1. Under the Kirkwood approximation for Rh and a Cα-based Rg, what ratio Rg/Rh is obtained for the range 141-345?
2. When a footprinting reagent is the concern and you count Cβ atoms within 10 Å, what order do CYS33, CYS157 take, fewest first?
3. For the chain, give the magnitude of the charge dipole about the Cα centre (Cβ charges: +1 Lys/Arg, -1 Asp/Glu; no others), in debye to the nearest 20.
4. Net charge near VAL37: determine it from the other residues with C-beta under 9 Å of the C-beta of VAL37, scoring Lys and Arg +1 and Asp and Glu -1.
5. Using +1 on the beta carbon of Lys and Arg, -1 on that of Asp and Glu, and nothing else charged, what's the dipole of the range 141-345 about the Cα centre, debye to 20?
6. Restricted to Cα positions, what overall size does the chain have along the principal axes? Three whole-Å values, descending.
7. How would ARG199, ARG22, ARG175 line up from fewest to most surrounding beta-carbon atoms within 10 angstrom?
8. Can you pull out the GluC sites (Glu not before Pro) in the range 167-260 that DSSP calls coil and that have at most 15 other Cβ atoms within 10 Å?
Amino acid sequence: MSSLADQAIAWQDNHLVLLDQRKLPNDVQFIDCHEVVDIIHAIKDMVVRGAPAIGVTAAFGVVLAARARFKISAENWRQEIEQDLHDMLLARPTAVNLQWAIDKMRSEIVSLPDGDPVPSLLVAAQIMHQEDIQANKTLGDFGATLLTNESAVLTHCNAGALATGGYGTALGVIRSAYAQEKITAIYADETRPWFQGTRLTAWELLQDNIPLTLICDSAAASLMRQKQLAWVIVGADRVASNGDVANKIGTYSLAVMARQHNVKFMVAAPTSTIDMQINNGDDIEIEERAASEITSVRNQSIGPDQAGVWNPVFDITPAEFVTALVTEKGIIEAPNASKIQILMES
């Protein structure tokens, strides 16, 4: 594990410290979060990103909110904190782990006795953090079993330690398979417009001395046609109960191209990312972000401001394009609603 990536989320000196992923790879800077509003800004502004990482961060946000509310009113803090939980939920609407983490912490709040809630809530957040790391290691090992020796893989966006509590989902599979000497080549696309592949995945893997090759997004089809690519491996921000996958914009394109070129398509995600309340991908809210993310790069204009811009952050990949859904509970090949129901009840 990269020691820096492993420090992306850390509770230190009674506050949360986040690695500012907007600055990578050129600058390694950390953001101190002392209040819940700091957590909300960090999630909204993409200081931290990736569904599992957002969930873990929000759990610590509940700790900070409870501390502030209890200090103001030991009698009414449970009622007052609901506004903070609501505000956190609005920060990034697509990542289901945000809702999942807040719901779990809300259950902790309900069960607490009278008195200072912070010690118990902090333990709950820390357990959630550690459980996410362990889940990623487990699903990483499961996913590695699907790869044969001498496999070349392509990954999209960043679904590594930076996007989770640690180790990673898609990169967790790649880490495990690489350690088993199954992987001969790793390709990562740049992932416009935030360049998570170029800035984050490349940085994270190289921190662990794992070699990779970067490609521009539009080179993926040519890569599949010309190279012996075995798998496309991606993470997920939300998986519907039927197996449809919401993930970084461009994932659907890769799935379609993979099918055309007989390349297998793997989605690696913890069960906390599976939303059993969502029937299919059409029901998933897709976040859209500012036009400036398309018309500029690092505050440098590259296109006319007068141009119209459509900037969805995620897209939906239908379950029929997914060869395997890999979770910490096991692998579902050709996922569908009944298979996912059985997995979630196991």
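Since every read-out is calculated from the coordinates, none of them should be taken as a lab result. From a predicted model like this one, the values you see are computed outputs, not experimental measurements. Glycine also receives a Cβ, built like all others from the backbone with ideal geometry; neighbour counts cover every protein chain displayed.
1. Details: Rg = 16.6 Å, Rh = 17.2 Å.
Reported Rg/Rh (Cα atoms, Kirkwood Rh): 0.96.
2. Values: CYS33 23, CYS157 28.
Neighbour counts put them in this order, fewest first: CYS33, CYS157.
3. Values: 26 positive and 42 negative charges, 181 e Å.
Dipole about the Cα centre, nearest 20: 880 debye.
4. Numbers: positive: none; negative: GLU35, ASP38, ASP84, ASP87.
Every neighbour counted, the sum reads -4.
5. Details: 14 positive and 23 negative charges, 118 e Å.
The calculated dipole for the range 141-345 is roughly 560 debye.
6. That gives 66, 51, 39 Å along the principal axes, largest extent first.
7. Details: ARG199 20, ARG22 16, ARG175 26.
Arranged by neighbour count, lowest to highest, ARG199, ARG22, ARG175 become ARG22, ARG199, ARG175.
8. Details: sites: GLU181, GLU190, GLU204; in loops: GLU181, GLU190.
Passing both the DSSP loop test and the Cβ count: GLU181.
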